[in-house]
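A.B. asks: Mind looking over this structure? Questions follow.
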Amino acid sequence: MTKRYSVAIPVAVLCLGGMAALQRIGAQQPGRAGASPETPTQSLSPAERIAREARAAGIELRGETSYAPVSEPDFGPLMQKMSAAKAGVMKRQMDLLEQRYDMSDRPASGVAMSKGKAVQGGVRVKLPQGVTWEQLGAMTPDEIRTKKLFPPGFLPLPHPNHPEGGMVFPQFHIDEVKKQTGRDLARFDLDLDLPDHFLPEFPPPMYLTTRTDLGDVSQGKLVTSENFYELFNGILTPKQIEGLRLLVTPFPQQQFNGTADRRSERPSLGVTCFDCHVNGHTNAATHLVGDIRPQAFRHRIDIPTLRGVNVQRLFGSQRALRTVEDFTEFEQRAAYFDGDPVIATKKGMNILERGSQVHDMAEFQELLNFPPAPKLTVFGTLDESRATPEELRGQTLFFGKGKCGVCHVAPYYTDNNMHDLQTERFYSAHMINGRVAASDGPIKTFPLRGIKDSPPYLHDGRLLTLEDTVEFFNLVLGLKLTAQEKSDIVAFMRVL
Ligand code: HEC
Ligand code: HEC
């Protein structure tokens, strides 16, 4: 058996050495892995139960090492092999998505993102055969787990190629960056898996707290190194312009760099902050979180918007860094290289200077405002003269029976805290395409202001619509909401 390391690069080597081994990991599906319905797991503690299920599913709880080897592959053959494997890797991922979700293009009526892109409607997570949402909502977590009835779309979502990981950008972003700057963000081994209609609008509008009078200051453009100066000279301070310059300047990263151990056809200058946090928002590019080992336990992560970082006090889904300055430094020193400074040194570590660079970049990020929400008052709740009866009912449910407001506190709909939703109560530990589904742990309460603009949802993007999030919380929190109540809460979230 090929040695199994716990970080991105070596698993690529594993890819080369044995796609077969990879596929074996990927072939383990919920039905076959984990405890059988007969296993008497109810009396065990959650951790004991999960450890037992993981053992039964052949999941290694510990990697052989936390470090990636500093090796230099032969680039030509590497690219050839990985490009050849791409179609198979993508098919495996698309089959998984197909099994989980209804991915058709069905816009919801009467709602759009801030610049007009359609918002997808309806519950897209597929139900297991033979049950309805109402029946599921009436069952206990133990019952759902032992009967294997947790909808697969509610399970952790793997990266398009989980054992390999790394940054993957949407095609529309790759095309526009190439057109404007000549930089190529295409990977020869992987594409983003989610269809465009489930992604945020592109390029997204950009709103500044300091100049709300201007509306969208991006003028409908993707802000890059080519145009940031002409767009912002005269509306930002020189310090903020310098911060923005650094946010649109490429620096080396694990997949995009000048070494032979890269995933772009040509040597690359790297990526910019705004390649993911496009125009200070998000393009739903994806990545693996840097702070977990071994590889199979790392979470896929959907890019969070930077709109409203100014009102937040906790950064990263689990990292819990306390300031935007800290996160700005952390991105290039750790997240860009899977939390491994050894490999970073090889590929081109860029150490930002705290006083003159980090602070400027953070200062600009702190200007990024939430999009306008014309139906909200200064308290962040509905203006009754503008809201529909449905939205008002939704608000009452949000703060009442739905308990959403316990964690999503107005006016920004976050409590600046983390919560463990304990979704593992509903399923047995198992492997999904190289990703361990065992437990998520505590996750940041992401703000819901402007939430219709930032699909997909949850830290790993496992939910495609707001309707999905309501079904998810209905089950996870045991709310027993009626169909009407669910659609009222969705209507409320669409105007936040
Ligand atoms: C893969 C594309 C990617 C790039 C490039 C990137 N980020 Fe991020 N950023 C993320 C992801 C994913 C997260 C969430 C991480 C997590 O959940 O732990 C994040 C989180 C953040 C956060 C915290 C947001 C929150 O709501 O908790 C800040 C601030 C941030 N990034 C700033 C930056 C800066 C500054 C740069 C450039 C130095 C940068 N990012 C480059 C993907 C990216
Ligand atoms: C116990 C605290 C808690 C309660 C109660 C709660 N949430 Fe959340 N919510 C969270 C956390 C934590 C996350 C992030 C989870 C993750 O990413 O895995 C989240 C994420 C979300 C998201 C996705 C945010 C994003 O940016 O992707 C939506 C939408 C949401 N919640 C809606 C609701 C609704 C609607 C309710 C009530 C029916 C609700 N929440 C109740 C804590 C809570």
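The values are calculated or read from the model by the stated rules, or taken from the named source; none is laboratory data. This one's a predicted model, so the numbers in the text were calculated from it and none came from an experiment. Cβ: placed from backbone, ideal geometry, glycine included. Neighbour counts: every protein chain shown.
A.B. asks: Taking the condition of being touching a residue at least 60 places away in the same chain (Cβ under 8 Å) and within 13 Å of ligand 1 (Cβ to nearest atom), how many residues in segment 431-480 meet it?
C.D. replies: Within segment 431-480, residues that are touching a residue at least 60 places away in the same chain (Cβ under 8 Å) and within 13 Å of ligand 1 (Cβ to nearest atom) number 15.
A.B. asks: Among the numbered conditions (1) away from ligand 2 (no atom under 16 Å from the Cβ); (2) surrounded by fewer than 24 Cβ atoms within 10 Å (Cβ to Cβ), tell me where Gln318 comes up short.
C.D. replies: Gln318 satisfies all of (1) away from ligand 2 (no atom under 16 Å from the Cβ); (2) surrounded by fewer than 24 Cβ atoms within 10 Å (Cβ to Cβ) except (1).
A.B. asks: Follow-up question, since we're still on this one. Could you tell me which numbered condition Ala85 fails, if it satisfies all but one of (1) among the small types (Gly, Ala, Ser); (2) part of a helix (DSSP H, G or I); (3) out of contact with any Leu (no Cβ under 9 Å at 6 or more places or on another chain)?
C.D. replies: Ala85 satisfies every listed condition except (3).
A.B. asks: Give me the pairs, please: first residue somewhere in segment 80-94 and closer than 17 Å to Gly165 by Cβ, second residue anywhere and in a helix (DSSP H, G or I) and β-branched (Val, Ile, Thr), beta-carbon distance under 9 Å, and either six or more positions apart or on two chains.
C.D. replies: Met82/Val89
A.B. asks: Find the residue count for segment 407-432, including only residues that are over 24 Å from Pro141 (Cα atoms) and crowded, with 20+ Cβ neighbours inside 10 Å.
C.D. replies: Result for segment 407-432: 2.
A.B. asks: Separate question: When the residues of segment 285-296 are narrowed to those that are more than 6 Å from ligand 1 (Cβ to nearest atom) and crowded, with 23+ Cβ neighbours inside 10 Å, which ends up nearest to Asp216 (Cα to Cα)?
C.D. replies: Here the residue is Thr286.
Conditions tested, residue by residue: (1) assigned by TED's automatic domain parsing to the domain that holds Gln484; (2) surrounded by fewer than 21 Cβ atoms within 10 Å (Cβ to Cβ); (3) at pLDDT 95 or above.
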site: Phe337; (1), (2), (3): no, no, no
site: His359; (1), (2), (3): no, yes, yes
site: Phe379; (1), (2), (3): yes, yes, yes
site: Pro389; (1), (2), (3): yes, yes, yes
site: Lys401; (1), (2), (3): yes, yes, yes
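A.B. asks: Within 13 Å of ligand 1 (Cβ to nearest atom), buried (at least 21 other Cβ atoms within 10 Å of the Cβ) and in the same structural domain as Leu352 (by TED's automatic domain parsing): which single residue out of Phe251, Phe274 fits that description?
C.D. replies: Phe274
A.B. asks: What are the residues in segment 453-496 that are part of a helix (DSSP H, G or I) and under 16 Å from the mean Cα position of the chain (by Cα), if any?
C.D. replies: To start, the set of residues in segment 453-496 that are part of a helix (DSSP H, G or I) comprises 453, 466-476, 483-494.
Asp453, Leu466, Asp468, Thr469, listed by residue number.
A.B. asks: Another question about this same structure. Conditions first: (1) near ligand 1 (Cβ under 10 Å from one of its atoms); (2) farther than 24 Å from Asn417 by Cβ; (3) at pLDDT below 95. Ile343 passes all but one, so which condition is the exception?
C.D. replies: Against the list (1) near ligand 1 (Cβ under 10 Å from one of its atoms); (2) farther than 24 Å from Asn417 by Cβ; (3) at pLDDT below 95, Ile343 comes up short only on (1).
A.B. asks: Do you know which of the residues in segment 59-112 that are closer than 30 Å to Glu467 by Cα and among the polar types (S, T, N, Q) is farthest from the chain's Cα centre (by Cα)?
C.D. replies: Per the criteria, the residue is Ser109.
A.B. asks: While we're on this one: Please specify each residue of segment 215-267 satisfying the condition of being touching a residue at least 40 places away in the same chain (Cβ under 8 Å), of a type in the set (Asp, Glu) and not in a loop (DSSP other than H, G, I, E, B).
C.D. replies: Once the filter is applied, which keeps residues that are touching a residue at least 40 places away in the same chain (Cβ under 8 Å), of a type in the set (Asp, Glu) and not in a loop (DSSP other than H, G, I, E, B), segment 215-267 yields only Glu242.
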